[in-house]
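What follows is calculated from the coordinates using simple rules that are stated; it is not laboratory data. Remember, predicted model here, so these are calculated numbers, not experimental data. We place every Cβ from the backbone using ideal geometry, glycine too, and count neighbours over all the protein chains shown.
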Amino acid sequence: MPMTRNAAIRVISPEPTDQPIGTAHGDFATVAELTAGLLASRASVSPKYLYDSLGSKLFEAICELPEYYPTRTEAAIFARHGAEMAECVGRRGTLIDLGAGNCAKAASLFPLLEPKQYVPIDISRDFLNEAVSRLRQRFPQIQMEALALDLSGRFMLPTSVRSEARTFFYPGSSIGNFAPHQAIAFLRQVRENCPADGGLLIGVDLIKDSAVLDAAYDDAIGVTAAFNLNMLRHLNHLLGADFDVRLWQHVAFFNTDDSRIEMHLEARCAHAVRWQGGERHFARGERIHTEDSYKYTRDGFSELLREAGFETDAVWTDDAGWFAVFHARACNA
């Protein structure tokens with residue numbers, strides 16, 4: 001594929017999971033991280049490993065499901081209040097898209113925000129490459145600096161990203177994948193990359209009836225189950241493991257005490273799993289914790305933003321109060 005200056009994909013350490021390096025399978029840090037999680041007393045794997053190329057496509061399919069309200073609800077908020085958001089954010093700035101995926105949400109705001117530079121960031125390099133290649137054909141006037149970057153670690157944007165009027169865009173309630181204390185730490189890193197004239201436009205899923213939440217993460221036709229189970233195929237690739245997807249099932253539920261959806265993979269029967277340098281025997285019913293999605297109140301999330309160095313100046317919600325989009329400005333140091 002021919003590359004132009006605006007379409008170049010830059011890779012910031014660590015290497016993206018689509019093309020692991022360092023061992024016969026994943027890089028050493030990835031193998032160590034995954035092994036530690038799988039051998040913990042309660043096995044867990046970071047949700048970032050849900051997003052290989054196939055996982056990213058499956059998540060796109062999830063967003064089309066009738067049970068999965070966040071995508072369409074957030075899109076309706078953007079459609080209804082986009083002009084107000086543009087007044088808060090400002091035009092002709094730098095739009096930095098955290099966890100960009102297929103870049104469609106940010107692209108829908110281009111006519112309103114008219115960014116000088118668009119910086120999509122995603123862990124899946126191949127998926128991001130495809131998305132940006134399509135996008136630059138539609139918006140050749142926008143400079144694009146795409147970064148394949150793991151946002152779960154420390155990060156600092158390269159100097160090629162314009163420092164003026166940075167707006168960090170984090171839609172889709174992805175902030176819910178972090179526990180509240182982790183969310184504060186992550187947003188503090190965002191604040192470190194955000195100048196005094198910058199801000200944050202972020203989607204947040206609000207607390208609601210648990211039946212609505214449970215259905216959104218365990219749909220009737222099993223797309224979310226396939227998305228979760230695909231992680232095992234990804235682990236086989238990264239670790240040289242021998243997970244048999246047929247021996248596992250998807251489990252998801254709302255934990256009311258912690259105000260979060262939990263996703264797990266549950267062993268259908270007792271069996272052993274082996275990988276390069278590791279082995280674990282899973283009992284029937286034993287689980288691997290794969291994802292959390294925390295839900296907030298408006299006041300609770302505004303307080304979290306304040307602790308991270310941002311000040312909320314606008315909040316938009318749907319009529320039912322299921323979802324909110326916050327705009328927050330960087331507080332003076």
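The count of lysine pairs in the chain whose Cα atoms are under 28 Å apart, excluding pairs fewer than 8 places apart on the same chain, comes to 11. Rounded to the nearest 20 debye, the dipole magnitude of the stretch 22-141 is 320 debye, with +1 charges on Lys and Arg beta carbons, -1 on Asp and Glu beta carbons, and the Cα centre as origin.
For the peptides 165-173, 253-261, 128-136, residues were scored by their other Cβ atoms within 10 Å and the scores averaged per peptide; the highest-first order is 165-173, 128-136, 253-261. Here the sum of -39500 (n - 2.57) over DSSP H runs of 4 or more residues, divided by the residues of the chain, equals -11000 deg cm²/dmol at 222 nm, to the nearest 500. Taking the Cα centre of the stretch 28-147 as the origin and placing charges on Cβ (Lys, Arg +1; Asp, Glu -1), which of C63, A32, M85 is farthest toward the positive end of the dipole? About the Cα centre, the residue reaching furthest to the positive side is M85.
Based on other C-beta atoms within 10 Å, arrange M156, M144 from fewest to most. Working shown, then result.
Details: M156 10, M144 22.
Ascending number of Cβ neighbours within 10 Å: M156, M144.
Post the alpha-carbon centroid distance, the stretch 202-244 to the stretch 248-276, in whole angstrom. If we compute the Cα centre of each part, the gap is 10 Å. Most tightly packed first, judged by the mean number of other beta-carbon atoms within 10 Å of their residues, the peptides 268-277, 242-251 read 242-251, 268-277.
Whole-percent P(r), the stretch 21-179, all Cα pairs, 5 Å bins from 0: 1, 8, 15, 19, 19, 16, 10, 5, 4, 1, 0. With θ taken as phi - 60° and the Karplus curve 6.51 cos²θ - 1.76 cosθ + 1.60 applied, the whole-hertz 3J(HN,Hα) list for the stretch 50-66 is 6, 10, 7, 4, 5, x, 5, 5, 5, 5, 4, 5, 4, 5, 8, 6, x Hz, x standing for glycine and proline. Amide H contacts for L206 (H built 1.01 Å from N in the peptide plane; partners 5 or more residues away or on another chain; cut-off under 5 Å): Y296, F323, A324. In a simple Cβ point-charge model (Lys, Arg +1; Asp, Glu -1; nothing else charged), the stretch 38-78 has a dipole of about 200 debye relative to its Cα centre. Shape summary: the chain maps onto an equivalent ellipsoid whose semi-axes, from the alpha-carbon gyration tensor, are 32, 24, 18 Å in decreasing order.
Derived scalar couplings between HN and Hα for the stretch 32-42 equal 5, 4, 5, 4, 4, x, 6, 9, 5, 4, 10 Hz in order, rounded to whole Hz, by the Karplus curve 6.51 cos²θ - 1.76 cosθ + 1.60 (θ = phi - 60°), x for Gly and Pro.
Give me the Kirkwood hydrodynamic radius of the stretch 87-229 in Å, from all C-alpha pairs, to one decimal place?
Working: mean 1/r = 0.0609 Å⁻¹.
Across the stretch 87-229, the inverse of the average 1/r is 16.4 Å.
Over the stretch 248-333, the ratio between the Cα radius of gyration and 2.2 N^0.38 Å evaluates to 1.65. Label reach from A40 (point 7 Å along Cα→C-beta): in the stretch 266-282, amide nitrogens under 16 Å belong to 266.
As a length-normalised measure over Cα pairs under 8 Å and 6 or more apart, the relative contact order of the chain settles at 22 percent.
Peptides 283-295, 78-90 ranked from most to least packed, by the mean per-residue count of other Cβ atoms within 10 Å: 283-295, 78-90. Looking at the chain, send over the antiparallel percent of its DSSP beta bridges, to the nearest 5. DSSP beta bridges in the chain are roughly 60 percent antiparallel. Toward the positive end of the charge dipole of the chain, with +1 on the Cβ of Lys and Arg and -1 on the Cβ of Asp and Glu, the farthest Cα among A270, F139, A314 is that of F139.
Positive contributions from Lys and Arg (+1) and negative ones from Asp and Glu (-1), summed over other residues with Cβ under 13 Å from the Cβ of S293, come out at -4.
Note on the chain: with charges restricted to the Cβ of Lys and Arg (+1) and Asp and Glu (-1), its dipole about the Cα centre is near 800 debye.
With 0.36 nm allotted per residue and the present C-alpha distance subtracted, the C269-D214 stretch has 17.4 nm of extension available.
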